[in-house]
Amino acid sequence: MFEDIHHFGITIRDRRAGAGFYAGALRLPALAETVSSGPRAERVCGLDHALNRIIWHQIGDGGVETFYLPRHRSAPGDPGDIRRPGFRYIAFNVDGFEDYVGRLEASGLKLPRAETASGKCALAKDPDGLNVALFDTGKDAFPGRVSSLKEIGLVAGDPEGYEEFFDLLGLWKVESGCDFLGPVFGVDAPAPLYGHVRLICLAGAALPVPPRHFPAESASAPAVPRESFSDAGVKHVAYSVSNIEAFHKRCLSAGVQFLFEPTPVSGGSVIAYFLDPEGNTFEAMQLNPAMRSIAVAAGAARRAMMDFSVRAPRVF
């Protein structure tokens with residue numbers, strides 16, 4: 001079953017603007033930029049002649065990876081439209097919230113704020129319009145920083161099948177609702193939290209219901225994600241697993257549609273993409289323990305360097 005949430009995968013339309021936001025404004029430690037091409041990239045992205053420029057941002061034991069595909073144009077549209085099915089926001093926990101959000105506001109970003117029973121939060125948008133929610137941990141830190149992944153918001157056209165799907169993955173219901181959807185996003189809807197996935201069901205909304213992908217009626221039915229990998233916005237949420245071959249076998253027998261079977265990637269990890277009931281992509285990862293430890297240490301070192309660059313002018 002799924003263990004820990006590991007990362008959000010996000011496609012961006014403009015490489016420079018994306019780096020300026022995630023590494024620059026949000027100050028997420030960027031560890032590496034790699035280029036993936038050839039048959040493996042085509043398989044993972046589901047695109048012919050795929051060229052994928054990937055930047056990895058380390059956050060604690062996980063992170064965020066951004067994808068830029070210069071050979072494939074992103075479809076027009078707003079990836080943060082909360083009234084459309086799909087992944088519509090990502091959320092981070094923030095230490096030193098007031099300092100962190102204050103510096104973002106001082107840089108010219110507009111961040112609507114709200115204070116709920118869950119605590120303080122603020123909402124930013126990336127250059128393509130994806131919602132990025134920031135939640136106060138209550139911990140002091142200078143300078144303020146993103147400390148961990150909080151959750152991802154998934155809007156469903158029809159919640160049928162999701163509880164069975166999440167149960168199969170080991171994403172248990174940890175909250176039955178939330179108090180920030182209205183103040184932050186202006187919507188009122190049931191929104192239980194399964195693991196780190198917030199399932200948003202807009203009551204009475206006439207949402208388009210995507211084709212159903214779980215449980216698959218036939219193993220021979222084509223597995224096609226609801227959105228192209230090249231379209232801007234969240235492309236997947238990834239979780240670690242201890243035995244990806246066993247995970248793949250069990251989920252496949254239960255009717256989960258995989259985009260590809262477990263595949264080794266650079267760094268020694270093994271990954272597999274699969275679809276939820278409405279065709280949104282999830283990722284399972286069996287991580288290389290040595291590379292995982294190196295990434296955590298490198299991320300902490302990079303974070304310390306970034307923090308020093310903010311502290312130094314006040315010290316000297």
*Qualifying residue in the range 235-246 (condition: surrounded by fewer than 22 Cβ atoms within 10 Å (Cβ to Cβ), among the charged types (D, E, K, R) and either assigned to a loop (DSSP other than H, G, I, E, B) or on the phi < 0 side of the Ramachandran plot (or both))*: yes
*Go through P208, P183 for me and flag whichever is of a type outside the set (F, W, Y) and part of a loop (DSSP other than H, G, I, E, B).*
P208
*Has the range 245-268 got any residue that is in contact (Cβ under 8 Å) with a residue 24 or more places away in the chain, among the aromatic types (F, W, Y), under 24 Å from A295 (Cα atoms) and touching a helix residue (DSSP H, G or I) at 6+ places or on another chain (Cβ under 9 Å)?*
no
*Taking into account only those residues within the range 53-73 that are surrounded by 19 or more Cβ atoms within 10 Å (Cβ to Cβ) and among the hydrophobic types (A, V, I, L, M, F, W, C), which is farthest from E3 (Cα to Cα)?*
L69
*Please give the number of the condition R250 fails out of (1) assigned to a loop (DSSP other than H, G, I, E, B); (2) more than 30 Å from P76 (Cα to Cα); (3) basic (K, R).*
(1)
*Sole exception among (1) farther than 27 Å from G24 by Cβ; (2) out of contact with any strand residue (DSSP E or B) (no Cβ under 6 Å at 6 or more places or on another chain); (3) not in a loop (DSSP other than H, G, I, E, B) for V310, by number*: (1)
_I'd like to know if the range 45-52 contains one or more residues that are of a type in the set (A, V, I, L, M, F, W, C), touching a Ser or Thr at 6+ places or on another chain (Cβ under 7 Å) and surrounded by 21 or more Cβ atoms within 10 Å (Cβ to Cβ)._
yes
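Table: residues versus (1) at pLDDT 95 or above; (2) under 30 Å from E115 (Cα atoms).
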residue: F165; (1), (2): yes, no
residue: L168; (1), (2): yes, no
residue: V184; (1), (2): no, yes
residue: A203; (1), (2): no, yes
residue: V209; (1), (2): no, no
residue: R212; (1), (2): no, no
residue: F229; (1), (2): yes, no
_Filter result for G279 (at positive phi, in contact (Cβ under 8 Å) with a residue 60 or more places away in the chain and either surrounded by 15 or more Cβ atoms within 10 Å (Cβ to Cβ) or assigned to a loop (DSSP other than H, G, I, E, B) (or both))_ = yes
*Somewhere in the range 91-112, is a residue surrounded by fewer than 17 Cβ atoms within 10 Å (Cβ to Cβ), of a type outside the set (G, A, S), over 15 Å from A25 (Cβ atoms) and at pLDDT 95 or above?*
yes
*Being small (G, A, S) and at pLDDT 95 or above is the filter; apply it to the range 145-160 and report the residue that is surrounded by the fewest Cβ atoms within 10 Å (Cβ to Cβ).*
S148
*So V174 fits all but one of (1) without any contact (Cβ under 8 Å) to a residue 40 or more places away in the chain; (2) over 30 Å from A17 (Cα atoms); (3) more than 20 Å from the chain's Cα centre (by Cα); (4) not in a loop (DSSP other than H, G, I, E, B); what number is the exception?*
(3)
*Would you mind finding the one in V64, V94, V101 that is under 24 Å from S269 (Cα atoms), of a type in the set (A, V, I, L, M) and touching a residue at least 12 places away in the same chain (Cβ under 8 Å)?*
V64
*Go through the range 211-234 and give me each residue that's part of a loop (DSSP other than H, G, I, E, B), small (G, A, S) and in contact with a strand residue (DSSP E or B) (Cβ under 8 Å, 6 or more places away or on another chain).*
A223, S230, A232
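The values are calculated or read from the model by the stated rules, or taken from the named source; none is laboratory data. Given the structure is predicted, the values throughout are model-derived calculations rather than measurements. Counting neighbours? That spans all protein chains shown, and the Cβs are built from the backbone with ideal geometry, glycine included.
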